[in-house]
Structures are given as structure tokens and as C-alpha cells.
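Comments concern the structure below.
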Amino acid sequence: MNNQTANTKTALILGATGGIGGAVADGLARRGWHIRALNRDATEAARHQPNFEWIQGDAMQAADVLKAAQGAEIIVHGVNPPGYRNWAQVVLPMLDNTIAAAKAVGARIVLPGTVYNFGPDVFPNVSEDSVQRPKTRKGAIRVQMERRLKAAAEQGNTPVIIVRAGDFFGGSRANSWFSQAMVTPGKPVNSMTYPGKRGLGHQWAYLPDVAETMIRLIEKADELPNFAVYHMRGHWDGDGTQMVEAVQRVVGHKIKVRSFPWWTVPLAAPFVPFMRELREMSYLWDVPLEMRNDKLRAVLGEEPHTPIDEAVRSSLASIGCLQTA
């Protein structure tokens, strides 16, 4: 569907069927933006979200991205490799296509960032300018992504916004610890698996809050530096028990809490892509990492923040773990 008017701003979303890409697309659409989305099966995607302008194409094809970017003011780069496979071969070429398209049409790039850029040498308190010495293959790729974006902003005058946040939870489309390892989608919550240790803090980011933060920064884009990076505080679970306690409050009863069976991860990693991801990122459960949001609050005045019980209730409902009235 294309009901764009002359004064409507256009956003190209790469990864609109995913968690963060979809959440940002929905939020911008509610604010009156025209949403254009690139997808390898545009017809099928349009069945699920008919209000977007779906463009048939592949983020790995520079010509497809450039065609879709025509007239766009921003490009949200929320795309991941299909099936989370072939990160080393796919991620940087996709980003290069986005940078080239943004430069050609004069668009701003918006990237959902992660904590993977950082190694434990800078934990527990990580700022936007902390040294990036990643411990993992995926983290090294993330560092390269941000370096290429910084070069585009400084040398090519292509503005960039990056929002780094903790572990996502919320929504039915996101790959997350919460929905893929801690609870079982589609079933009532009588037990829960927790990956961390009691007493060890962990940082969570409610997906709708991350999307809202990105959107508010987009709305203030003209006031931001060309290369703008911000950290979200999100939900800081200071002792590793608060997420579990929130789930118990929401479901209304005590639940059995099991430790995550880390010993199984190396066994499953060769066969299950998600397990390979877990194996690489396990260090984030061994030491606390807390990102502060002082820089973000200085720009926005506040960080969008949904109370933990409300966020958990919505998250459980979206994956079918709560009975609805």
C-alpha cells in the first residue's frame, strides 16, 4: 500500500520482519512516516503488514538497496543474515550496500547496536567511548560495522545514529534469551531457566523501549553530531533475580527456576545456529556489564522506559505464555 503524500517523510527499513526493524517501522508509521521495506519475498511480507510499501529485493544486492532507498530520509539497518548463518561473509557486505545507498540519496543511517563490541577488559561500567576489544567473532564484526559507519559519517558526510542496548526481550519476532532459552513460547510459565548466577547483575532492553529511543533520536536528528552513539540503561537486574521475580509477579505464582545447562551448548553448537550464538556470548553472563545512559538523557531528557512488570507481561503475552481474557 502506498498512500504517501508530498510532505510525508520516507524511511527505508532493512529487516522490517525482524524484532527491532519491525518495532522501529511500526513506531515511525504511527508518527506518520511512510515505511518502505526491502524483502526477499515482498508479496508474503505484505500479507502480514499491508500498510508498508514492500520492495522485492535482497540487502546483499547493492542495486536492490539503492533502488529501495530512493527518496528515503533514513535507512534503518536492522537486517541480520538469514538463519543467523554466515555472519563473516554476509554482514559487512550488507552494511556496505546500505552505506553506498545512503551516500547516494543523502539519507541518514540508523543502526541498532549491541554490547558485543566490548570485551570484559572494560566491564563493568561501559561508556560510549570505551575501548572496543571484542572477545568474539561476532563482536569483531560489530566493531568493523561501526568503524565503517564512522568513516562514512566523517569522510562521506553520511550521518549515523547508533543505539547500543543490552539483551533484548519483548515482541514475538525477536531472537532473544528470554523467548528462546528462559521460557517456552506457547506454554504457561511454571518453570524458568536462568543463564546467569545469583548475585551477578545483567542488563536487559525491552524492545519497544529501544525502538522508541531510536525514533526520538531520529526526530532530533538535526541536533545530533554526524556520528552519534548512545547507550541505553534499559532494565538493570542488579543481582540476577529481578527478571525472575518480575515473571513470578506477572504469572501470579512461584515458579521453579533452573540453571541454564551450559554444558550442552558445545554439544549442540555444531548443529544449531542459535546455540553457536549462545556459546560465543556466554561471557556476558560471567561478568556484569552496565551501560549508563547519561549521554542519552542529556539529549532526550529521559530514556523511554516501560516498568518491568508491564514489559514482562507484554513479552509473555506476545509469545503465547499468558492466557488472555
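The values are calculated or read from the model by the stated rules, or taken from the named source; none is laboratory data. Remember, predicted model here, so these are calculated numbers, not experimental data. When we count neighbours, we look across all protein chains shown, and the Cβ atoms used for this are built from the backbone with ideal geometry, even at glycine.
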- Query: Among the listed residues Val265, Val312, which satisfies the condition of being of a type outside the set (Gly, Ala, Ser) and modelled with pLDDT of 95 or more?
  - Reply: Val312
- Message: It is to be established whether one or more residues within the stretch 234-254 are within 30 Å of Ile109 (Cβ to Cβ), hydrophobic (A, V, I, L, M, F, W, C) and touching a residue at least 24 places away in the same chain (Cβ under 8 Å).
- Response: yes
- Query: List, please: which pairs have Cβ atoms under 7 Å, are six or more places apart or on different chains, and start with a residue in the stretch 193-209 that is free of Cβ contacts under 8 Å to residues at least 60 places away in the same chain and end with one that is not in a loop (DSSP other than H, G, I, E, B)?
  - Reply: Trp204/Asp167; Trp204/Phe169; Trp204/His235; Trp204/Asp237; Trp204/Met243; Ala205/Asp167; Ala205/Phe168
- Message: Given the criteria at pLDDT 95 or above and not basic (Lys, Arg), does Ala88 qualify?
- Response: no
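Among the residues of the stretch 259-281, are any part of a helix (DSSP H, G or I) and of a type in the set (Ser, Thr, Tyr)?
Within the stretch 259-281, one or more residues are part of a helix (DSSP H, G or I) and of a type in the set (Ser, Thr, Tyr).
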- Residues of the stretch 119-137 being more than 21 Å from Ala228 (Cβ to Cβ) and among the hydrophobic types (A, V, I, L, M, F, W, C), in sequence order, are Phe123
- Residues in the stretch 129-138: is at least one of a type in the set (Val, Ile, Thr), touching a residue at least 60 places away in the same chain (Cβ under 8 Å) and not in a loop (DSSP other than H, G, I, E, B)? no
- Select from the stretch 203-227 the residues that are surrounded by fewer than 22 Cβ atoms within 10 Å (Cβ to Cβ) and part of a strand (DSSP E or B) and list them in ascending order. Phe227
- Consider Met232 carefully, then state whether it is touching an Asp or Glu at 6+ places or on another chain (Cβ under 7 Å), outside the structural domain of Glu73 (by TED's automatic domain parsing) and closer than 29 Å to Glu128 by Cα. no
- Message: Condition first: modelled with pLDDT under 95 and polar (S, T, N, Q). Now tell me which residues in the stretch 95-116 satisfy that.
- Response: Thr114
- Message: I need the full set of residues from the stretch 209-246 which are modelled with pLDDT under 95 and at positive phi, in order please.
- Response: Gly240
- Message: Against the definition (in a helix (DSSP H, G or I), in contact (Cβ under 8 Å) with a residue 60 or more places away in the chain and buried (at least 17 other Cβ atoms within 10 Å of the Cβ)), how does Thr98 come out, yes or no?
- Response: yes
- Please verify whether the stretch 56-69 includes one or more residues that are in contact (Cβ under 8 Å) with a residue 40 or more places away in the chain and surrounded by fewer than 18 Cβ atoms within 10 Å (Cβ to Cβ). no
- Query: Name the pairs: first residue in the stretch 1-16 and at positive phi, second residue at pLDDT 60 or above and not in a loop (DSSP other than H, G, I, E, B), Cβ to Cβ under 6 Å, at least 6 apart or on different chains?
  - Reply: Gly15/Gly21
- Query: What is the one condition in (1) within 23 Å of Arg233 (Cβ to Cβ); (2) crowded, with 16+ Cβ neighbours inside 10 Å; (3) not charged (D, E, K, R) that Asn125 does not satisfy?
  - Reply: (2)
- Can you tell me how many residues in the stretch 139-191 are of a type outside the set (A, V, I, L, M), over 19 Å from Leu284 (Cα atoms) and in a helix (DSSP H, G or I)? 7
- Message: Given the criteria touching a Leu at 6+ places or on another chain (Cβ under 8 Å) and not assigned by TED's automatic domain parsing to the domain that holds Glu280, does Arg216 qualify?
- Response: yes
- Residue in the stretch 295-325 that is surrounded by the fewest Cβ atoms within 10 Å (Cβ to Cβ), counting only those that are among the β-branched types (Val, Ile, Thr) and in contact (Cβ under 8 Å) with a residue 40 or more places away in the chain: Val299
- Message: Given the condition surrounded by fewer than 16 Cβ atoms within 10 Å (Cβ to Cβ) and assigned to a strand (DSSP E or B), answer yes or no: does some residue in the stretch 71-87 qualify?
- Response: no
